[in-house]
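Everything below concerns the one structure shown next.
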Amino acid sequence: MPIRDLETWMWAEACEIVDRADRLHRQFFRPAVINVKRPTWEPPVDVYETTYGFIIMIALPGVAPEHLSVIMDGGHLIINGQRHLPASSESQIRRLEIPYGRFERRIELPEGGFEIDTREFVNGCLLISLRKI
């Protein structure tokens with residue numbers, strides 16, 4: 001491949017990656033409209049498999065435990081709830097990067113039976129332990 005073609009290809013790949021990153025940023029971090037019924041963002045998750053089941057860590061900064069639910073539905077673990085903006089009439093938003101509003105995350109589980117073993121908040125993350133049954 002000639003050097004010029006390689007440079008053109010690399011530039012096109014770089015532009016495509018930047019465009020993809022921009023789309024993801026807009027998808028996950030767009031401001032939510034308050035009182036919207038459908039979810040407006042998905043929290044990031046890490047899933048670890050152990051001998052006895054799975055450990056799932058969901059990043060939920062600023063979400064109170066009473067504003068979320070965790071449900072097992074067939075082969076999915078569903079986490080949904082809402083993150084509210086801090087209520088302060090004397091401040092104005094200068095930067096907003098942590099999403100707010102309704103959220104939902106569906107995690108597809110492998111075949112087999114699972115049940116929720118433990119559920120706890122640690123450092124702004126919800127840790128869920130699923131036990132294989």
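Read the figures in this text as sums done on the coordinates, not as results from a lab. Source: prediction; values computed, not measured. With ideal geometry, Cβ positions are generated from the backbone for all residues, glycine too; neighbour counts draw on all protein chains shown.
Considering amide H positions built from the backbone, and no H for Pro or chain starts, which residues 5 or more places from GLN82, or on another chain, come under 5 Å of its amide H?
HN-HN under 5 Å from GLN82: PHE103.
List TYR52, TYR100 from most exposed to least, where exposure is judged by having the fewest other Cβ atoms within 10 Å.
The most exposed by this proxy come first: TYR52, TYR100.
Ranked by Cβ crowding within 10 angstrom, fewest neighbours first, how are CYS125, CYS15 ordered?
Neighbour counts put them in this order, fewest first: CYS15, CYS125.
Using every alpha carbon pair in region 31-132, what percent of pairs falls into each 5 Å bin from 0 up to the bin containing the largest distance?
2, 12, 22, 23, 16, 11, 7, 4, 2, 1, 0
Find which of ILE58, GLY74, PHE114 sits farthest along the positive direction of the dipole of region 31-132, computed with +1 on the beta-carbon of Lys and Arg, -1 on that of Asp and Glu, about the Cα centre.
ILE58
What list of ³J(HN,Hα) values in whole Hz, one per residue of region 65-81 in order, does the Karplus curve 6.51 cos²θ - 1.76 cosθ + 1.60 (θ = phi - 60°) give from phi, with Gly and Pro shown as x?
Karplus values, whole Hz, x for Gly and Pro: x, 6, 9, 9, 9, 10, 10, 8, 9, x, x, 10, 9, 10, 10, 9, x.
I want to check the label-to-label distance for GLU7 and GLU97. Put each point 7 Å from Cα in the C-beta direction and report it in nm to one decimal.
3.4
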